[in-house]
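Read through the structure below, which is laid out as structure tokens, and then see the notes.
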Amino acid sequence: MLSCLAGRYFNLAAFQGDEMLGFYIGEQAGPDYTLMDICVAPKYQGQGIAKQLLNAFIEHGEQHQAENLFLEVRESNAPAIGLYESAGFSHMSVRKNYYPTATGNEDAILMGMSFSL
């Protein structure tokens, strides 16, 4: 199990005392980094924690000479899309019917950012 987590995956969590406010999980694949998940506890949403975590993910990529950063987001998640766009991510493509929902499926928007090396 440790071989799955060592080296390729990385994460960061935000805490207030003993309480976790949010976290992100990233993955490195060659020169590219993917934001696998970013989550903020519901009672702390809207306080800038996701922005801080996203900025930390971007900084991690910069510090490790990433060529590209990628992520995917539900098409209906307008707040997250706005956050990603404000950080410099651009729409790249759509994964049709990617996320299951109670009423069918929802598209995923693939977004990316490239660093000038």
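Suppose the filter is in a strand (DSSP E or B), in contact with a Cys (Cβ under 8 Å, 6 or more places away or on another chain) and either touching a residue at least 40 places away in the same chain (Cβ under 8 Å) or under 23 Å from Y98 (Cβ atoms) (or both); does F10 pass it?
no
Every condition in (1) within 25 Å of D107 (Cβ to Cβ); (2) within 15 Å of the chain's Cα centre (by Cα) holds for G61 except the one numbered (1). All of (1) exposed (fewer than 15 other Cβ atoms within 10 Å of the Cβ); (2) charged (D, E, K, R); (3) part of a strand (DSSP E or B) hold for E72 with one exception: (1).
Conditions (1) over 27 Å from G48 (Cα atoms); (2) outside any strand (DSSP E or B); (3) touching a residue at least 24 places away in the same chain (Cβ under 8 Å); (4) touching a Cys at 6+ places or on another chain (Cβ under 7 Å), marked per residue:
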residue	(1), (2), (3), (4)
S76	no, yes, yes, no
I81	no, yes, yes, no
H91	no, no, no, no
N97	yes, no, no, no
P100	yes, no, no, no
D107	no, no, yes, no
L110	no, no, yes, no
M113	no, no, yes, no
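Taking A13 as the residue in question, decide whether it is surrounded by fewer than 16 Cβ atoms within 10 Å (Cβ to Cβ), among the aliphatic types (A, V, I, L, M) and more than 11 Å from the chain's Cα centre (by Cα). Spelling it out, A13 is indeed surrounded by fewer than 16 Cβ atoms within 10 Å (Cβ to Cβ), among the aliphatic types (A, V, I, L, M) and more than 11 Å from the chain's Cα centre (by Cα). Every listed requirement among (1) more than 20 Å from I25 (Cα to Cα); (2) in contact (Cβ under 8 Å) with a residue 12 or more places away in the chain is met by Q65 save one, (1). Under the condition of being in contact with a helix residue (DSSP H, G or I) (Cβ under 6 Å, 6 or more places away or on another chain) and aliphatic (A, V, I, L, M), which residue from the stretch 20-49 is nearest to S90 (Cα to Cα)? Ranking the qualifying residues of the stretch 20-49, first place goes to L35. Would a scan of the stretch 41-57 turn up a residue that is closer than 20 Å to L12 by Cβ, within 11 Å of the chain's Cα centre (by Cα), surrounded by 16 or more Cβ atoms within 10 Å (Cβ to Cβ) and not hydrophobic (A, V, I, L, M, F, W, C)? No - not one qualifying residue is present in the stretch 41-57. With the condition kept exactly as written, say whether any residue in the stretch 96-109 is small (G, A, S) and under 16 Å from the mean Cα position of the chain (by Cα). Yes, that holds for at least one residue.
Only the coordinates and a few stated rules stand behind these numbers; no lab work does. Just so it is clear, the model here is predicted, and its values are computed rather than measured. We place every Cβ from the backbone using ideal geometry, glycine too, and count neighbours over all the protein chains shown.
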